[in-house]
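Colleague: Structure below; questions to follow.
The values are calculated or read from the model by the stated rules, or taken from the named source; none is laboratory data. What you see is a predicted model, and the numbers here were worked out from it, not measured in a lab. Neighbour counts are summed over all protein chains in view; Cβ atoms, including those assigned to glycine, are modelled from backbone coordinates with ideal geometry.
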Amino acid sequence: MTQTVKEELVKRSPLRVLDKSISGGLGKGRLGVLASRKGVGKTACLVHMASDKLIQGKPVIHVSYSSRVDYIIKWYEDIFKEIAKKPRMKGALAIYDEIIRNRVIMNFKQDGARTEQVLRSLEAMIVHGNFPAETLIVDGLDFAQVDPQDLGKFKEFAVRLGLEVWFSASLKGDEPLFNAEGTPFLLEGLMGAIDVLITLRHHADHVHFNLVKDNGKPAPKVLGLKLDPTTLLIVRAPARRSR
Amino acid sequence: MSTATARMRNIGISAHIDSGKTTLTERILFYCKKIHRIHEVKGKDGVGATMDSMDLERERGITIASATTNVAWGGHSVNIIDTPGHVDFTIEVERSLRVLDSAVLVLCSVGGVQSQTITVDRQLRRYNVPFMAFVNKLDRIGANPLKVRDQIAEKLGHNAVLMQMPIGLETALEGLVDLVAMKALYFDGPDGEIVRTGDIPPELLAEAAGLREKLLDAASMFSDELTEAVLEGRPTEALIRAAVRRGTIARKLVPVFIGSAYKNKGIQPLLDAVVHYLPDPAEVENKAADLDNDGAERVLVPDPAAKTCALAFKLEDGPYGQLTYIRIYQGSLRRGDELVNSRSEQKIRVGRLVRMHADAMSDIDEAPCGDIVALFGVECASGDTFCSPGLRLAMSALYVPEPVISLAVSPVDKNAGDRMAKALGRFTREDPTFRTHVDPESNQTIIQGMGELHLDVYVERMKREYRAEVRVGKPEVAYREALGRRVDFDYTHKKQTGGSGQFARVIGYLEPLAKGAYEFASEVKGGRIPREFIPSCDKGFKAVIKKGPLIGFPVIGVRAVLTDGHYHPVDSSDIAFQTAAQGAFRQVYLKSSPQILEPIMKVSVEGPSEFSGNIFGSISQRRGIIVSSVEDGTFSRVDAEVPLSEMFGYSTVLRSLTQGKAEFTMEFLRYGRVPPPVAELLKEQHLEKRTKDARK
């Protein structure tokens, strides 16, 4: 029974729209970035994406630079409860305890943690801890302090260990935040290492997803997804034309 | 409320291992003139700190049983309970928290918030105990009280406010700045017994002003008067104290004090703070269940003239007989008073009433409401409530976890056997998490407890205090069995042996129960089974699940439902239905694909980050699941869930993996399913043992 619940959850997930839009998903050895202003819903999106991997039985390491571990655990519980509220998803809660065993949370203090040290600890978890992670979620990394070499090291690490990595990038400061192509100014110098870039933007009463870069190529389009403001889940939305 | 109660404080001192709690207590006793010399925990003088009354504690440098002691400070009477830091003895910590009104949480200024601190914080939260923090060991290399304050705020989520700042740190530690009075404090004399006030060193003025501003900001939240005074630029000490006190008692503010117990710095101001900021017994609401009123909750009134209600929270066997520590919640206690034990309904008369100080005591005639005292020669168990005749209250039962580990002990000779029995009798009365029974099959005495160290300490105490030499078996995990799914039964018990026979038929089903160990329901209609035999079936099920057919451990999570049956007017009996229920269970249990469950422990390992790989590896090798790892600079903490059976000897392994620089704590989390290969192994072992026993 649990198998069918999982299949259903995977099949019906709005994230399949994302997979399709970015030519079959992010993929091993690649880096993806979700960028927006603070408070738009990046963490919720990352947790939803991680949950989707967990349901597929794929181990996830959730790296956090700021939040306390218990807050992150709460995020997963909340997102999962919301998923379970969707029609025909009643069985979802029953599998929660089981799938959550494939998640490890690693918390680093921003000011003490250099990229090498973070990667060393991650490698220790994967190799010594015998944790076969496929996806890495990196939430709360301060991109204002990240230089191209740092991201290059993440890239090298992802390729070597066969990981796909999703980052969140918080955008601060006065408008405008984006250049003509829709790339945040903050990330302009780092685009060499970023394979997929999605920006989240408020539009009228909801948040929608702009695909700015898709597997190395500029690909400006609005995805058929939006963020439900009450549940903070990613949901399907009729696709629009790009602006 | 009496003035005696208002001038009373019941405090606990809780901390992580090695944060210097016992040293701190020792200094408090010294400054309160209860002892005349200071001894260190691992003292060279061979005396040991006064609070560690047991030899073993002296030897190992740890505190096991909480001794309570009374001191006087600034016209106030302060009862202090020295609590143990090891998780294995958490029952002691929880018991102390139940009877205390507030606590001092001791932290190391280098280690900061550690795993055990988090456990203690959770316990303080559970019992809603207000507390203040004391950041100790400012003399140590790497001391950073500001970082520790931040950790209390971030890791524990408390509104922590520094009340003092250091003058110098590490070896250069000279004294403290009191941020309320804005004065410098120095501790002179050979034992720091002379407190000298002075002006704040000019180079620290700016920082002190900044910290004071934060303190005023935080305190103003609890007092409009103070807010006004701050706006007018005239906040008085009294106003600040009152506001901080209000915030602390409401658990919305945690005042942080600093010092070095070892270097005799900051202890007297801490004692002042206990009096200033922590609640008196009347300021804390306590409830009891009214047994004459269907167990309805009732708030106790801290009135010395009211009828008495008191809780026996700790028993100790001393050279003069059994000593019962008791906390008075309502009314007062006088020599010659008559009290009734609400559980056993036995009457007792208060004979000797004493106030305790670690190993010494003083006789008293009367104790007011809120006080903690000891009685002599009272037969009771810890957790019993005593009331004046005519009142039947029960203080809420203390939460007692089930033991997770057991050990066979056998005395080397008959003398040792007698002494062992005496020791076990005392230990089980003192510590509800420590149990003992005789296994009917092997005829061995089994002791059960909360962890390896827990049982180790009791085996040691048997040898030392009772001279009972025992041989010890291998520690065994308390496994459980559980039904896999719902199964129906239809079982007839029939026996014809001349005379009157036995007949009973039971029909129904067994199903897994998500919460709880066992439930029984009868849906039998129309007297198909006579009413008097329904409880017999219940009894039968209860008996049979005590020893599961798979590996001989109790079956938990069983709901037995009786739907139908059959009886014989002559041959049916209580025993026949009991046997039928047992037969029915055995008939279908194995068909439900039963599972073996094992205790899963919540394990927390802390150590330098360079050893993370080794720590991760050691957990994954033990069938553990890493839940999270938190890295803070060069220090990291790994939280994991690991089966208890894999944790034997872990302390040795961890020590060698990390050059002795990491430590771990663990506590019971839940029962989890044993993976199939391990389950098969356990079944084989059980079968082997059974055949061996049968051959004997």
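Colleague: Can you tell me which residue is surrounded by the most Cβ atoms within 10 Å (Cβ to Cβ) among those in the range A:121-134 that are at the interface with another protein chain (Cβ under 8 Å from one of its Cβ atoms) and of a type in the set (Gly, Ala, Ser)?
Modeller: A:Gly129
Colleague: How many residues does the range A:186-200 hold that are within 20 Å of the chain's Cα centre (by Cα) and either outside any strand (DSSP E or B) or at pLDDT below 85 (or both)?
Modeller: The total comes to 9.
Colleague: Among the residues of the range A:81-99, are any of a type in the set (A, V, I, L, M, F, W, C), under 23 Å from A:Ala44 (Cα atoms), surrounded by 17 or more Cβ atoms within 10 Å (Cβ to Cβ) and within 13 Å of chain B (Cβ to nearest Cβ)?
Modeller: Scanning the range A:81-99, I find at least one residue that is of a type in the set (A, V, I, L, M, F, W, C), under 23 Å from A:Ala44 (Cα atoms), surrounded by 17 or more Cβ atoms within 10 Å (Cβ to Cβ) and within 13 Å of chain B (Cβ to nearest Cβ), so the answer is yes.
Colleague: Let me ask something else about it. Given the conditions (1) assigned to a strand (DSSP E or B); (2) hydrophobic (A, V, I, L, M, F, W, C); (3) under 19 Å from B:Met601 (Cβ atoms), and given that B:Val457 satisfies all but one, which numbered condition is not satisfied?
Modeller: Unmet for B:Val457, out of (1) assigned to a strand (DSSP E or B); (2) hydrophobic (A, V, I, L, M, F, W, C); (3) under 19 Å from B:Met601 (Cβ atoms): (1).
Colleague: Quick check on A:Ile137: is it in contact with a strand residue (DSSP E or B) (Cβ under 6 Å, 6 or more places away or on another chain), within 14 Å of chain B (Cβ to nearest Cβ), surrounded by 17 or more Cβ atoms within 10 Å (Cβ to Cβ) and within 16 Å of A:Val47 (Cβ to Cβ)?
Modeller: Working: in contact with a strand residue (DSSP E or B) (Cβ under 6 Å, 6 or more places away or on another chain): yes; within 14 Å of chain B (Cβ to nearest Cβ): yes; surrounded by 17 or more Cβ atoms within 10 Å (Cβ to Cβ): yes; within 16 Å of A:Val47 (Cβ to Cβ): yes.
Criteria met by A:Ile137.
Colleague: Could you list, in sequence order, the residues of the range B:420-438 that are modelled with pLDDT of 90 or more and over 24 Å from the mean Cα position of the chain (by Cα)?
Modeller: Of everything in the range B:420-438, those that are modelled with pLDDT of 90 or more and over 24 Å from the mean Cα position of the chain (by Cα) turn out to be B:Met420, B:Ala421.
Colleague: List the number of the failed condition for B:Ala306; all other conditions in (1) in the same structural domain as B:Leu216 (by TED's automatic domain parsing); (2) over 26 Å from the mean Cα position of the chain (by Cα) hold.
Modeller: Result: B:Ala306 fails condition (1) only.
Colleague: Test of understanding: among B:Leu654, B:Leu681, B:Leu687, which residue is crowded, with 19+ Cβ neighbours inside 10 Å, part of a helix (DSSP H, G or I) and modelled with pLDDT of 85 or more? Before you say what the answer is, go through the steps one by one.
Modeller: On the way: B:Leu681 fails: crowded, with 19+ Cβ neighbours inside 10 Å; B:Leu687 fails: crowded, with 19+ Cβ neighbours inside 10 Å.
Within the list B:Leu654, B:Leu681, B:Leu687, the selection yields B:Leu654.
Colleague: Another question, if that's okay. Can you name the residue in the range B:381-391 that is in a loop (DSSP other than H, G, I, E, B) and within 20 Å of the chain's Cα centre (by Cα) and, of all such residues, is surrounded by the most Cβ atoms within 10 Å (Cβ to Cβ)?
Modeller: Among residues in the range B:381-391 that are in a loop (DSSP other than H, G, I, E, B) and within 20 Å of the chain's Cα centre (by Cα), the one surrounded by the most Cβ atoms within 10 Å (Cβ to Cβ) is B:Asp384.
Colleague: If you don't mind, there's one more thing I want to ask. Go through the range B:460-481 and give me each residue that's within 22 Å of B:Lys602 (Cα to Cα) and buried (at least 16 other Cβ atoms within 10 Å of the Cβ).
Modeller: Matches in the range B:460-481: B:Pro475, B:Val477, B:Ala478, B:Tyr479, B:Arg480, B:Glu481.
Colleague: Can you find even one residue in the range B:96-104 that is within 22 Å of B:Pro269 (Cβ to Cβ), among the small types (Gly, Ala, Ser), outside any strand (DSSP E or B) and at pLDDT 75 or above?
Modeller: no
Colleague: Separate question: Does B:Glu441 count as at pLDDT below 85 and among the acidic types (Asp, Glu)?
Modeller: Values: at pLDDT below 85: yes; among the acidic types (Asp, Glu): yes.
Yes; evaluated as a whole, the condition is true for this residue.
Colleague: Of the residues A:Leu163, A:Leu171, only one is in contact with a Lys or Arg (Cβ under 9 Å, 6 or more places away or on another chain), within 24 Å of B:Gln621 (Cβ to Cβ), touching a residue at least 24 places away in the same chain (Cβ under 8 Å) and away from chain B (no Cβ under 14 Å); which? It would help to see each step written out before you state the result.
Modeller: Details: A:Leu171 fails: within 24 Å of B:Gln621 (Cβ to Cβ).
Going through A:Leu163, A:Leu171 in turn, just one is in contact with a Lys or Arg (Cβ under 9 Å, 6 or more places away or on another chain), within 24 Å of B:Gln621 (Cβ to Cβ), touching a residue at least 24 places away in the same chain (Cβ under 8 Å) and away from chain B (no Cβ under 14 Å): A:Leu163.
Colleague: Moving on to the next point. Say whether the condition of being within 11 Å of chain A (Cβ to nearest Cβ), assigned to a loop (DSSP other than H, G, I, E, B), crowded, with 19+ Cβ neighbours inside 10 Å and at pLDDT 85 or above is met by at least one residue in the range B:630-647.
Modeller: no
Colleague: Take the range B:599-621 and flag every residue that is more than 11 Å from A:Met125 (Cβ to Cβ) and within 11 Å of chain A (Cβ to nearest Cβ).
Modeller: B:Ser609, B:Glu610, B:Phe611, B:Asn614, B:Ser618, B:Gln621
Colleague: For the range B:136-183, give me each residue that is within 21 Å of B:Ala250 (Cα to Cα) and within 14 Å of chain A (Cβ to nearest Cβ).
Modeller: Hits for the range B:136-183 are B:Asp150, B:Gln151, B:Ile152, B:Ala153, B:Glu154, B:Lys155, B:Leu156, B:Gly157, B:His158.
Colleague: Right, another one. Residues in the range B:256-275: is at least one touching a Pro at 6+ places or on another chain (Cβ under 8 Å) and surrounded by fewer than 21 Cβ atoms within 10 Å (Cβ to Cβ)?
Modeller: No; the residues of the range B:256-275 include none that is touching a Pro at 6+ places or on another chain (Cβ under 8 Å) and surrounded by fewer than 21 Cβ atoms within 10 Å (Cβ to Cβ).
Colleague: When you scan the range B:516-544, how many residues do you find that are free of Cβ contacts under 8 Å to residues at least 12 places away in the same chain and either in a helix (DSSP H, G or I) or closer than 24 Å to B:Arg673 by Cβ (or both)?
Modeller: Total satisfying the criteria: 2.
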